[in-house]
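Written out below as structure tokens is the structure these notes cover.
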Amino acid sequence: MSMWILLEALIKIFVIIGGLMTAAAYLVLLERRVAAWIQDRRGPNRVGIPLTNIRIFGLGQPIADGVKFIFKEEFIPGHVNRWLYVLAPSAMFVAAIVLFAAVPFGAVDLGIEGWEPIALVVMPGLDVGIVYIFAVGSIAVYGVVLGSWASNNKYAFFGGMRSAAQLISYEIPLGLGILGVVLASGSLRLDEIVQSQAETGVWNVFTQPLGFLVFLVAAFAEAGRLPFDLAETEQELVGGYHTEYSGIKLMMFLVAEYLHMVAASFLIVLLFFGGWHFWGLTGSEPVAGIGVALLRVVVLLAKFMLVVLFFMVARWSWPRFRFDQLMSLAWKVMLPLGLVNLVGLAFWIEYGRPRFSGANEWIVMAIGGWVLLVASWLVTTLLVPAASDNRPRLGPAAADLDTKEAASP
Amino acid sequence: MNQSLQTIVPAVLLGALGMWLLLPRPSLRGRMAGGAAAAAALGLIASRLPMIGGMTVQGLFYVIAGVTIVSAAAAVSLRNPVYCAVWFAMTLLGTAGLFLLQGAQFLAVATVVVYAGAILVTFLFVLMLAEPSGRAVYDRLSWEGLLSAVAGVVLIGILTASIGSMMAEEAAAPRSLAPSEAELAAGVLNERHVAALGREMFGPHLIAVQVGGVLLLAALIGAAAIVAGGRPTQPSSSPPASNMKEPSANRTRPITPE
């Protein structure tokens, strides 16, 4: 019996890792094509089948890139701390992959006599699913911090420091966004969170728009995507924490970063967009036959692709934050908004929900959620100045001094 | 004194001697001997461990426990504080693995989130900024090495003595050390054991949780007060002179020379 469990787990692990590596490679290609489309260029469209002139929309590009990375010289600069220099990309890569062990794709009943329904997740029955993902995600910061320190390079070190501060700060709004969903679903298990959205047919994004906003921003920051990619600002820090890396170690860093984005997209879909559920298409039973289970996987992947496309388009739509703006966004805006969402939801569950029943419950909850979003949005935008001044403070406000000088001559 | 204690007492003493030799001291002599003594002590203790569970579980336990102990020893005995922090992270991951092996899922992930993910990263942050390569004398010496080794001996001695007496009872009147099926079903094997844990924490232990929360809040306010204490919260009319004299590159308007 335990042999079969082991075999099942191994098969799932192979599928997940194979799928992730392929997906990461081809999402890079997609991202470059999307970037080219936004910037009115052509993008990588040449690499096709080797030794022929056949271009298949540049689909050979990821393979060529991967081969180039792997066959590059395994070079370790002389001034680095060798142990930590090698440890850092491995730690980040492993943490990024292990995270996917708790991402559920539904459950399938193969219809064979004597077979239990198979949960399409590497670790079925993990009662702490979302906290596990949170925990493994928080390990990623070691890769950044150790890599930057071991590189013995001030640009890398700046990148590492920025990244560590950013990752630690945005874990709090991320956790608050997750807590809202957990409170609404009453479970830490990702499959049950999806199940509760499927049964009611009301995705969490409709009832908790504020929580979704907080989670989305925090997920962007945790993934280090463009409005938040201060760790590797090319204009200021060469390459940030991976300045001194090359070859396969650089590839591990880059793939790990990509996997963070993939994980963030999956979490957004699972927590807020109903996972595999779609109205009138996938049903809402926990276990499905093989056809419906496949359909559910397709629905989940389609939603995932939409979120990934949003990530890619967002990359070319906003300028990068300044570091003080980044920090005040986390602590002064996102943290209070997350708390407002959580407290509002707790009030609703304790006092509001028992008074309503049926569809009314969801309509009132959704209206309440959107009112909360608009109200807190207005308060935030009215209280926070549109532009902030990061010049050094000179005792009396610098503006005062300037007006005095302007008046004196 | 039964047979297992006859092995464990010398093992613990040997381990203490080894750790004392391994701790950072002014001279490097004796580190090899210390490492050998600590390894021998580990082997001696491992030889007396009772078998609980099947071969797979026991093998996993040995591997994870060995990693945890070795990385804990490395965390206290290395001279470079950054290495110490990394080995301490490994210790925490090993501890989380041991929790997971016992079925305490929430405790395992909470250990990783709180200690490895947040507290230790902050340590690492400060260590890297403060004294990156451990050249300072105070980083290379262990304070009160003998006292800490003795304290470790006493702690491990008490624990092993209590476990030894439990094993003696077991030998006298055989009963299983493992919890019964009913206990397991209500506890860690419960499908919703995190919910059960929450009910336990916010039911009978509510006061303790509240006190902990208030303590953390007080610490937070204290930290904010320390940070804010250094400078005035409002721009005063007579600022410190040193601030005024500093040239500022960021000013948009040139200052007329006085």
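The values are calculated or read from the model by the stated rules, or taken from the named source; none is laboratory data. None of the values given here were measured: they were computed from a predicted structure. Positions of Cβ are generated from backbone atoms using ideal geometry, with glycine treated the same way; all protein chains shown enter the neighbour counts. Side chains included, ligands, DNA and RNA excluded: accessible areas come from the protein's heavy atoms. Shrake-Rupley method; radii C 1.70, N 1.55, O 1.52, S 1.80 Å.
Mean separation of Cα pairs under 8 Å and 6 or more residues apart, divided by the residue count, gives the stretch A:1-67 a relative contact order of 22 percent. Spacing of the modelled spin labels on A:VAL287 and A:THR381, each 7 Å from Cα toward Cβ, amounts to 5.0 nm. Rounded, prolate or oblate: which one fits chain A, using the alpha carbon gyration tensor with axes a ≥ b ≥ c (rounded when a/c is under 1.5, else prolate when a/b beats b/c, else oblate)? Taking the square roots of the gyration eigenvalues as a ≥ b ≥ c, chain A is oblate. Remark: accessible area buried at the A-B interface is about 3200 Å², both chains counted, probe radius 1.4 Å. When both the stretch A:220-272 and the stretch B:59-78 are represented by their alpha-carbon centers, they are found 32 Å apart.
Treating r as the C-beta distance of B:ALA118 and A:GLU234 and R0 as 30 Å, the FRET efficiency rounds to 0.55. Given the C-alpha centroids of the stretch A:1-17 and the stretch A:284-305, what is the distance between them in whole angstrom? A separation of 21 Å, based on Cα centres. In this simple spin-label model, placing a label point 7 Å from the Cα along the Cα-to-Cβ direction at both A:TRP37 and A:GLU116 gives a separation of 4.3 nm.
For the peptide A:124-135, the mean number of other protein chain Cβ atoms found within 10 angstrom of a residue's Cβ is 5.
Of interest is the spacing of the C-alpha centroids, which for the stretch A:310-372 and the stretch A:159-197 amounts to 13 Å.
Placing unit charges on the Cβ atoms of the charged side chains and taking the dipole of the protein assembly as shown about its Cα centre, the candidate lying farthest along the positive direction among B:VAL67, B:PHE106, A:MET312 is A:MET312. Annotation: per residue accessible area for the protein assembly as shown equals 55 Å², rounded to a whole number [probe 1.4 Å, protein chains only].
A dipole drawn for the protein assembly as shown from +1 and -1 charges on Cβ atoms has a positive end, and of B:LEU22, A:VAL379, A:VAL343 the residue lying farthest that way is B:LEU22. Think of it as helices only: each DSSP H run of n ≥ 4 in chain A is worth -39500 (n - 2.57), and spread over all residues that comes to -21500 deg cm²/dmol at 222 nm.
Among A:ALA359, A:ALA330, A:ALA119, the largest mean-square fluctuation in a Gaussian network model of chain A (Cα springs under 10 Å) belongs to A:ALA359. At full extension, A:ASN53 and A:TRP4 could sit 12.9 nm farther apart than now, given 0.36 nm per residue minus the alpha carbon distance. Under a Gaussian network description of chain A, with springs only between Cα atoms under 10 Å, the residue in A:ALA219, A:ALA135, A:ALA184 that fluctuates furthest is A:ALA135.
Rounded to 0.05, the FRET efficiency of the B:ILE221 and A:ILE11 pair, given R0 = 60 Å and the Cβ-Cβ distance, is 0.70. Placing unit charges on the Cβ atoms only, positive for Lys and Arg and negative for Asp and Glu, gives the stretch A:319-366 a dipole magnitude near 180 debye about its Cα centre. Annotation: for a label point projected 7 angstrom from Cα along Cα→Cβ of A:VAL297, residues of the stretch A:1-16 with backbone N closer than 16 Å are A:8-16.
Using the Cβ-Cβ distance between A:ARG355 and A:ALA64 with R0 = 60 Å, the FRET efficiency computed as 1/(1 + (r/R0)^6) comes to roughly 0.45.
Just which residues of the stretch B:71-102 lose 20 Å² or more accessible area with every protein chain there, against their chain alone, with the probe set to 1.4 Å? By number: B:VAL82, B:TYR83, B:VAL86.
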